[in-house]
Structures are given as C-alpha cells and as structure tokens.
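The values are calculated or read from the model by the stated rules, or taken from the named source; none is laboratory data. For clarity, every value in this text was computed on a predicted model and none was experimentally measured. Neighbour counts run over all protein chains shown; Cβ positions are idealised from the backbone, glycine included. In case anyone asks, the SASA skips ligands and DNA or RNA and just uses the protein heavy atoms, side chains included. Shrake-Rupley method; radii C 1.70, N 1.55, O 1.52, S 1.80 Å.
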Amino acid sequence: MKVFLHEPTFEGLLSAIYEAYYSSVKPDKIYSKIVYEQNLIDEVIIIKSDSIKFEKVYNAIKNKISKESLNKIYYVFLSELKESSNMIYLYVRMGFKLGKNIDLHKNNDIVLDMDKISKKVYYEEHRFTGFVRFKEINNILYAAINPDFNILPILAGHFKNRLSNEYFIIHDIKRDIAIVYDKKDYYLSSLSNEQKNILMNTDDKGEYENLWKQYFQSVNIEERKNPRLQKRMMPSRYWENMVEVNNK
C-alpha cells in the first residue's frame, strides 16, 4: 500500500492532497507523521510542505466546494485522529465532484464522519472558551489546559478579544505549545523543558514570580517569536475566510 506521509501541519496536509492529484504516484492512504505507525508492508512517500501548493488546494476548496467545508476540514485536521488526513482527502475528492452540495449526502460515511468529528472539536473549543481558568502572576495571566484536540489555534482569537488589555499565556500541556499575547498580538510558541518547569513546577511564590518575569521576557522578544509555527498551523492571511474567526 502506498502511503503519503505529511508534516503535522495544515500546510503539510493540503500539500499532500495536491501531490495526490498531480503526481504520477497515487496514494492509497494519507497520514500525518505524528500518528502514522511504521510497518514493513507500506511503501511510504514523504511529502514536503509547499506554500504554493497549499494555497492552490486551499483556494480550490473554498471556491469549488465552500468556505463552510474549508472550516470543517480545518476542524477535522485539528482533531489529530489517525484517520483524519485520509478522511479529509476523500472528502475533498468528493467535494470537487459534488461541489457545495456535498454535505447534503448525509447517508455517505465520509460526510457523516466529517460532521461528527468536526462537531466534537467545535464543542471542545466552545467548552474551553468558558472553562479556561487563569492565575494572575505579576500582572500576567497564565492558564494550563490539556484538551483532547489541538484547539489552541482556534481559542486564540476568542481570548484576544476577551482579554485585549491583559498579558496572557495559555499553555497546552499535552502538545508543549502556548499562546502568548502581549496586548498587541498573539503568537504560538513552542516550549522548552526549562520553560515548562518555570510555568508549572515552582512552588515558592517569590521565586515563581522572578522566574515568570524571566520567562515572559524570553518569549516576548522578536527573536523568540515563532511565526513559522503559527503560519503552518493556519496562515493568518486566510483567517478572514474561516468561520470560527469571523464569528468571534
């Protein structure tokens, strides 16, 4: 079985879908690198992320299917389930044939599964907008979360609007990433072990506050920002077309 393996980013997934359409080799399955289990049977082909290919597939989904389907695809991608990439690929193939009417085919297993998974991600996102609990440390708000799905990128806009005059960090413990907001804009930052220890394991309040100051200064400088990570999760220039962003 031929398997396309893509980087665990939205750009990586859509790049793999592009290759599935235009390369001479057609995949039997598409998987993200973070969920694929190596075996001796599959013929694995590594697909590199490509921003141009990503844009072409992104715009084709938006124009040939719908913005709502694009939003659904993104939510299923954030589920990080093993079969989500291949399910999205099959859904896109159907969508290019059926257009905006694809979601009317409620008896189709792919359409049903896409609906079910995207709703689970949406409901978890909705719950966390109400259940994220912040601690205030030296005038900075910090919250640790451990969601089932990778909802941090779609929580960012909500809390930026809600807490626009505060410094805050929301830390996804499971994935070692955080939203860092500096009263101007937010960005996704990967966390080192040292930074996680500073945030999570210091008991003494005075020491905690001193370490907190050091941490926030270290991530709040231009060189430590990670626009590449943020772009690969979902490039901001496309957010105007994303339902979850426009509805916040």
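Structural remarks
- The range 137-152, subset surrounded by 18 or more Cβ atoms within 10 Å (Cβ to Cβ) and of a type outside the set (A, V, I, L, M), residue farthest from residue 166 (Cα to Cα): 149
- Filter result (under 22 Å from the mean Cα position of the chain (by Cα) and not in a helix (DSSP H, G or I)) within the range 106-133: 132, 133
- The condition of being within 16 Å of residue 1 (Cα to Cα), in the same structural domain as residue 108 (by the TED database) and charged (D, E, K, R) holds for only one of 68, 83, that being 83.
- Being surrounded by fewer than 19 Cβ atoms within 10 Å (Cβ to Cβ) and of a type in the set (Gly, Ala, Ser) is a property that holds for residue 24.
- Condition broken by residue 74, with the remaining ones in (1) within 14 Å of the chain's Cα centre (by Cα); (2) more than 17 Å from residue 16 (Cα to Cα) satisfied: (2)
- Some residue of the range 15-32 being part of a helix (DSSP H, G or I), under 16 Å from the mean Cα position of the chain (by Cα) and closer than 23 Å to residue 153 by Cβ: yes
- Of the residues making up the range 125-180, those that are touching a strand residue (DSSP E or B) at 6+ places or on another chain (Cβ under 9 Å), in contact (Cβ under 8 Å) with a residue 60 or more places away in the chain and closer than 25 Å to residue 72 by Cα are 150, 151, 153, 157.
- Scanning the range 99-115 for residues that are open to solvent by 30 Å² or more (accessible area, probe 1.4 Å) and in contact (Cβ under 8 Å) with a residue 12 or more places away in the chain yields 100, 103, 108, 110, 113.
- When the helices (runs of 4 or more DSSP H) confined to the range 144-248 are screened for residues that are at pLDDT 60 or above and not assigned by the TED database to the domain that holds residue 73, those reaching at least 3 such residues are found at 152-162, 193-200, 205-219.
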